[in-house]
Amino acid sequence: MKKTILSLTMVLAAGLLFAQKKTTTSAVVSFDATTSLDALPKAENKTVIASLDTKSGTIAFEAVIKSFTFSNPKIQEHFNSKGWMDSDQFATATFKGNINNLKEVKFNKDGTYAVEVTGDLTIHGVTKALDAKGTITVSGKSVKVNSDFSIKLEDFKVSGGAIAAGKVAKEPKITVAAEFQ
C-alpha cells in the first residue's frame, strides 16, 4: 500500500513538473513589409516551433526561413536568395527570451494578460536584443501567446535593391502567435 501511494505521488509530481513547459510545432510568424509601391511583400510561416515555461517565464521560437510562404513565388525565390535571407546559409530565425512580468500572469485562471518580453532575436546570422509587448490568453488548458513588433532590416544585415527602391519596407511588422495545450 505504501509503495502504491509513493508511486502515485511520484507520477503526479512528475506530471505537474512537465506541465510547466509547453511546446507547439504550429506557431505562426508573419511579416508585412508592404509599402505604397508594393503590396506583395507579405509572408507567413505556420510551422514554427515554440516553447513556453510557465514557471520560469522562458519563451523561445524557431522558424525555418524556407517555410515562409508568399502569394508570389518570384518574391519567395528572391527572399531565400543570397542577396536577401540566404536561407541556405542562415536556415532559421530564432528568439529566446523571458517574460519580464511573469508574476502578473495567472496560468491557472482564465483571462488575458499583458506581458513584456525581453530576449535575443537572431535573423540572418545576426543576434540583437529585442523588447516586445504582447498578450497571453489562458482558457482552460490552452495558453495563447501573441505579439506584434517591428524590426529594422539593416540591423540584421538584410538589404536589397527592392528596399532601396521603396518596394519593401525598411521596418517590417512582425506578428507572432502560438497556442500551447
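The values are calculated or read from the model by the stated rules, or taken from the named source; none is laboratory data. What you see is a predicted model; the values in this text were computed from it and never measured. No Cβ is skipped: glycine too gets one built from the backbone with ideal geometry, and neighbour counts run over all protein chains shown.
Quick notes
- Top-ranked residue in the stretch 57-90 [being more than 19 Å from the chain's Cα centre (by Cα) and in contact (Cβ under 8 Å) with a residue 60 or more places away in the chain; ranked as surrounded by the most Cβ atoms within 10 Å (Cβ to Cβ)]: W84
- Of all residues in the stretch 137-155 being under 18 Å from L52 (Cβ atoms) and more than 13 Å from the chain's Cα centre (by Cα), the one that is surrounded by the fewest Cβ atoms within 10 Å (Cβ to Cβ): G140
- Of the residues T118, T54, T47, T112, the single one that is under 15 Å from the mean Cα position of the chain (by Cα) and closer than 19 Å to F180 by Cα is T47.
- Tallying residues that are among the hydroxyl-bearing types (S, T, Y) and within 11 Å of the chain's Cα centre (by Cα) within the stretch 26-44 yields 2.
- Qualifying residue in the stretch 163-177 (condition: under 15 Å from G57 (Cα atoms), of a type outside the set (S, T, Y), modelled with pLDDT of 95 or more and surrounded by 16 or more Cβ atoms within 10 Å (Cβ to Cβ)): no
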